[in-house]
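Novice: One structure is given below, represented as structure tokens, and several questions about it will come after.
The values are calculated or read from the model by the stated rules, or taken from the named source; none is laboratory data. From a predicted model like this one, the values you see are computed outputs, not experimental measurements. Positions of Cβ are generated from backbone atoms using ideal geometry, with glycine treated the same way; all protein chains shown enter the neighbour counts. With ligands, DNA and RNA removed, areas are computed over all heavy atoms of the protein, side chains included. Shrake-Rupley method; radii C 1.70, N 1.55, O 1.52, S 1.80 Å.
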Amino acid sequence: MGSIILFAAIAALAAALVASPLTEGKPSKRGKEKGTLAARLVGVVVMLVFFTALITAYYYFTNLDLNLLSLWPLFIVVAALGFFASSGIEQKVKGLLFVASLVLGAYVLSAPLFNATEKFNAVEMDEEMEITAFDETQTPASVPPQFARNKMKKAFGQVPDTSYYELGNLQIQKVDGEYVYIAPVEFSGFFKWRNADVTPGYFTMSATDAAANPKFMAAEMAYTPSSYFNKNIERHMRIENPEAVFYGDPQLEIDDSGKPFYIRSYGEFISARNGFKVKGIVAVDPASGAVETYPLAEVPAFIDGAVSPESVSLENDYYGEYVHGFWNSVFGKKDVKLPSNEGTEANVSPIFDAAGDMFYFTDFTSPKEGVDSMLGYSLTNARTGESTYFTGNMEDSYMDSRGNLQIIEKQFIEKEWSGAMPVLYNFYGETSWLTPVLDSNGFLQNYFIVSAANPEISVYAATPNDALRSYKTALQRGGSTVNGTSDSEDAKTTGIVERVFKEKAGDFTVVSFLLKDGTNYIVSSENAPLAIYLEEGDDVSLTYSQTGELFLPVKELGIKEIE
């Protein structure tokens, strides 16, 4: 608080000297002076007190960074006041200051017109063709946040003094090796904050298991987004870091022992208080208020989302729109691509790779209306801020996330179900959308997978793994190559059939069978028509993919008894 008052006092002194006339004015018709020296000094003091109070209140309640360039609107106002209130040589000098203030204002306001290339260069991404194939032995973080939030609300009775609180913002992260949603308990109003003083803790829920129940974790927090005055977390961060440039909301991060911390990304402007490039985080212990600042290279290991989703969304805008500068983004739009803005957090979707690292996913589409073709997609490392843009196979035309959501809406039009949190994966060598499907009440109903290159190939099932198994069969029926994981290889074997299970899937039959050596396989009659005759005791030879799954996909099947 002291830094704000000191900054305000210095700025107010300069403003008072510029706004107040300091020399004698022109004599009036009666020949008397317009004011005495004492009167002018009183005017300066009054201006000083007024501007100190005004500037202090402005910076205190807006949490704006304390940098001189942030005073440019005040500079214009006080320069105009000083120019019109003074006369003679003083008026000429302050007239020059007024002109300079207008030039400065024009520079700040026009910065977006001229720094577009700088923005693009600041966020330019590495480019690759295709994302690494998803390892089917891993489970994707597939529980949509809307569903998790609904379950947490229904479990809110676990919170002591429930009437004082409400559920805060949801975010996903990895805690002690598990992918979970975290949502803090927040104050529900000013008087509730006055009475309670601290919040009791936070909720956690699995991001991979829709059947899991939320758990309330006790951890008192005094510095929170819903606290007031100096205990408001944003204001506390600002008071401790008066010159830092923040972008994005504070987010709750939990270490592996369950202790909560609020973090917020800080960085620098591209130019003239415009644009943003993240440089690190400020972390606050919400119980004690202790503050630590970390550059991105030194962020603690338990923090997954060091780079705020808001800053990633902003960088996606820069990368997509400003490839050839600002004016091209408005008129010609050559090579312009727009983020779809279908993400779950600030228009991006957090996902995890097989190593457990968090990335922000965004797909890009054409600026032309009515086109649902995807031009590419980006992944941004949530800890380092490094981004990669994937162009996809240029020989294929990929459907974007909006087209995917429209397919789901049409598929379940009678039930009025809709998709949420669409994420692009490489399943079995096929670029595919995985999307949870919710009913009108926000409850999870199934998981929908559709090929981005061949939208006619789609499946849905109650769980992601069930949907993957069905999708594998659908790809085989559709003539696509099922490659399995990124490192799966073909293998051959022979054996005696122990058990057989057959089920109808559209026009074909899916056959699952167990060999006497304990291995399981799955094959579609579209790939192996004679599989419909498979019986227990048959001697078989087969070629399959070593995907590491329980049921290995068969590519070729031979039955000795009927060959």
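Novice: For LYS92, which lysines qualify as cross-link partners when the Cα separation must be under 18 Å and same-chain residues fewer than eight apart are set aside?
Specialist: Answer for LYS92, where 18 Å is the Cα cut-off: LYS26, listed by chain and number.
Novice: If each of THR162 and ALA297 carries a label point 7 Å out from its Cα toward its Cβ, how far apart are those two points in nm?
Specialist: Here the answer is 5.0 nm between the modelled labels.
Novice: Still on this structure, please answer the following. Among (i) -0.59, -0.75, -1.28; (ii) -0.69, -0.82, -1.20; (iii) -0.51, -0.64, -1.10, which one is log10 I(q)/I(0) by the Debye sum over Cα atoms at q = 0.08, 0.09, 0.12 Å⁻¹ computed from these coordinates?
Specialist: Correct label is (ii).
Novice: Moving on. Sequence neighbours fewer than 8 away in the same chain don't count; with that in mind, list the lysines whose C-alpha is under 18 Å from LYS192.
Specialist: Within the straight-line limit of under 18 Å, LYS192 reaches these lysines: LYS231.
Novice: Taking the solvent-accessible surface of protein heavy atoms with a 1.4 Å probe, what is the per residue accessible area of segment 382-437 in Å²?
Specialist: Per residue, segment 382-437 has an accessible area of 43 Å².
Novice: Rounded to the nearest 500, what is the 222 nm mean residue ellipticity of the chain from helices alone, with -39500 (n - 2.57) per DSSP H run of 4+ residues and division by all residues?
Specialist: -9000 deg cm²/dmol
Novice: Which aspartates and glutamates have a Cα less than 20 Å from the Cα of LYS333, not counting those fewer than 8 places away in the same chain?
Specialist: Output for LYS333: GLU118, GLU124, GLU315, ASP317, GLU321, ASP363, GLU369, ASP372, ASP400.
Novice: OK, next. Have a look at GLY305, PHE412, VAL278 and report the one farthest towards the positive end of the charge dipole of the chain, computed about the Cα centre with Cβ charges (Lys/Arg +1, Asp/Glu -1).
Specialist: Going by the charge dipole, the pick is VAL278.
Novice: Got a number for carbon plus sulfur as a percent of segment 150-195's accessible area, 1.4 Å probe?
Specialist: 44
Novice: Once a ≥ b ≥ c are taken as the square roots of the eigenvalues of the Cα gyration tensor of segment 380-480, is the result rounded (a/c under 1.5), prolate (a/b larger than b/c) or oblate (a/b not larger than b/c)?
Specialist: Because a/c hits 1.5 or more and a/b fails to exceed b/c, segment 380-480 counts as oblate.
Novice: Could you sort out which of LYS153/LYS174; LYS94/LYS277; LYS154/LYS277; LYS277/LYS410; LYS154/LYS174 sit more than 32 Å apart by Cα distance in this structure?
Specialist: LYS94/LYS277; LYS154/LYS277; LYS277/LYS410
Novice: Go through LYS472, LYS333, LYS504 and list them by solvent-accessible area, largest first, probe radius 1.4 Å.
Specialist: LYS504, LYS333, LYS472
Novice: Enter the accessible area of PHE51 (Å², nearest 10), with the probe set to 1.4 Å and all protein chains included.
Specialist: 10
Novice: Next question. What is the percent carbon and sulfur in the accessible area of segment 338-406, measuring with a 1.4 Å probe over the protein chains and ignoring ligands?
Specialist: With neighbouring chains kept in place, the figure for segment 338-406 is 43 percent.
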